[in-house]
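The values are calculated or read from the model by the stated rules, or taken from the named source; none is laboratory data. Values in this document were obtained by computation on a predicted structure and should not be read as measured data. We place every Cβ from the backbone using ideal geometry, glycine too, and count neighbours over all the protein chains shown.
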Amino acid sequence: MKADEGKYNIKAVSNILGIQPGTLRAWERRYQMVAPVRNESGHRLYTDEHIRKLKWLVSKVNAGFTISQAVALSEQEQDTVVSSEQNEDQLSVLRNDLLRALMQFDESKSHDLINEAFSLYTVDKVLVDILGSILIKIGLLWEEERITTAHEHFATSILRSRIGILMHSFPQNNFLPKVVAVCSPGEWHELGLLIFTLFIRRKGFNVIYLGSSIKEGDIQVVLDTVEPKFLFMSCTLKQNLQRAKELIKDLEKDYKDLAIGLGGNAVNMMNDTEKEGFEKNLVGLNKEDWENWISNSLNMSAN
């Protein structure tokens, strides 16, 4: 097959790049940065050169540029068109607009802004830098009693529905270890867990998502049945943190080969004293931290 012949369908390109097929089609329609050929059935087929160019654009989007700015950079072959401060300002405006829509119970506007985010940025960037950031902000506002439970529930419902749709759209790699994801004891705030779970689900891990806190003792039944390599727990409220730490210690005694990760707003607020003895369990604050935690855990199990 010649290098300039199309050989990747849109689903394969979506998996390679980490962007949704709908986002890719929107990029092509608006910016014409690649022109895939069509097979006899009318389906798009992408070449190696298309993949190379799209990877470059995605790398710029992940660095903070919008897709329109990335296309402009590609056309001019320089990275001086827009400053990083301007990119961050644009991202900040989108975050603030979405947070405002959620706090005003404006469902239509919220979905429109989320759609806009996915049309401009990759899944990872929307997930971590927009939805993740808003999640933390909502958690803090709720804890400080600056918003009502109704606000928190509405925002949770909107974001959970969008994240859930994404989660089930990614293929699983059966050769990767199994993962169990659950909120810590007494914890019902699952958005942080959803975002982290979507991140590892997109990497191909087989994730058993349990969501909010389950009955004491049930987690052992799940672990015995599934035999996962990873257990991820999320803790948002500080009042639930001690129970989470106690559960980790108990499970580590019975499941020697299980890597247990702990994240969430309450975990991120821990001081150095509270972290003592749990350093290896802290998954971190961002995508780079998560990548390192998973990699280190896999390396430790291999040695």
* Kindly indicate whether any position in segment 214-234 is closer than 23 Å to L98 by Cα and either over 14 Å from the mean Cα position of the chain (by Cα) or not in a helix (DSSP H, G or I) (or both). => no
* To do: Give the residues of segment 16-47 that are within 23 Å of K203 (Cβ to Cβ), part of a helix (DSSP H, G or I) and not hydrophobic (A, V, I, L, M, F, W, C), sorted by residue number.
  => P21, G22, T23
* Asked: Counting only residues that are surrounded by 16 or more Cβ atoms within 10 Å (Cβ to Cβ) and among the small types (G, A, S), which one in segment 1-17 is modelled with the lowest pLDDT?
  -> G6
* Are there any pairs with C-beta distances below 7 angstrom linking a residue in segment 265-294 that is in the same structural domain as E144 (by TED's automatic domain parsing) to a residue that is assigned to a helix (DSSP H, G or I), with the two at least 6 apart or on different chains, and if so which? -> none
* Are any residues in segment 97-156 of a type in the set (G, A, S), within 24 Å of G263 (Cβ to Cβ) and surrounded by 18 or more Cβ atoms within 10 Å (Cβ to Cβ), and if so, which ones? -> A117, G132, G139, A155
* Asked: Just to be sure, is E252 without any contact (Cβ under 8 Å) to a residue 40 or more places away in the chain, more than 29 Å from D124 (Cα to Cα) and exposed (fewer than 13 other Cβ atoms within 10 Å of the Cβ)?
  -> no
* Asked: Would it be correct to say that S234 is modelled with pLDDT of 85 or more, surrounded by 22 or more Cβ atoms within 10 Å (Cβ to Cβ) and either under 24 Å from G18 (Cα atoms) or not assigned by TED's automatic domain parsing to the domain that holds E144 (or both)?
  -> yes
